[in-house]
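Engineer: The structure is given below, and queries will be raised subsequently.
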Amino acid sequence: MTHERANRPATKDVRDLDRELIELAQQGDRDAYARIASTASHRWFALALRIVRDHETARDVVQGALVHIWRDLPSLRDPDSFDAWSRRVVVNACGTARRRAPRRVGSIDREPAEPSVGDSQAGVALRDELERAFARLSVDQRAVLVLQYYEDLPLAEIAESLGVSEGTVKSRLHGARCRPGRARPHLARPPQPA
């Protein structure tokens, strides 16, 4: 079950950007692009963070995506597809960052995470197990999960955002849901935030 967008705080979305603003940026207007970037960068960061699971890497991904989007914006044929196109750039940058990142056996947090007041040991253990299962997924599988469960996008829009067919999206969702489910059935679907 996905979240309803109505339950989320109202934020300005890339989809709300004026087509004229995107067209101005396509023509090289830096101020127009700065407005687009300031409106969209928080969403791009949230998307990148959910996929790469590291703040520093997510910031690097967004910085690279901002440059890539600015550079390639003139080649965008349909300004109405800017949202899906820019999302694809961010997801692709996440994949590149993941491939370039050194494999880590484990990491030690600088600041130990304290469980929140309502957390039980079982809840903390489950969250840890979910995090480890998510880390084992490919970037493609992470991307479809994030776009469906956190961004609440329909399959068609996920497919457009990733530049793949709906069948590929369904296949990646199935693979992401089943992979952790083979060992632990309760991991087959991501938890819904409270």
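Bear in mind these aren't lab numbers, they're just calculated from the coordinates by the rules spelled out. This structure is a prediction, so every number in the text was calculated from the model and none was measured. Virtual Cβ from ideal backbone geometry, glycine too; neighbours counted across all protein chains shown.
Engineer: Taking 0.36 nm per residue of separation and subtracting the Cα-Cα distance, what length does fully extending ARG19 through GLU56 add?
Structural biologist: This chain segment gains 10.2 nm when fully extended.
Engineer: Kindly state, to the nearest 0.05, the FRET efficiency for ARG71 paired with ALA156, given R0 = 41 Å and r defined as their beta-carbon distance.
Structural biologist: FRET efficiency, ARG71 to ALA156: 0.90.
Engineer: If you don't mind, there's one more thing I want to ask. Which length gain, in nm to one decimal place, applies between ALA125 and THR39 when the Cα-Cα distance is subtracted from 0.36 nm times their residue separation?
Structural biologist: 27.3 nm
Engineer: How far apart, in nanometres, would the label points at ARG100 and HIS174 be if each is projected 7 angstrom from Cα along the Cα-to-Cβ direction?
Structural biologist: Here the modelled spin labels are 3.5 nm apart.
Engineer: So between ASP78 and VAL139, what do we pick up on full extension, going 0.36 nm a residue minus the alpha carbon distance?
Structural biologist: 19.3 nm
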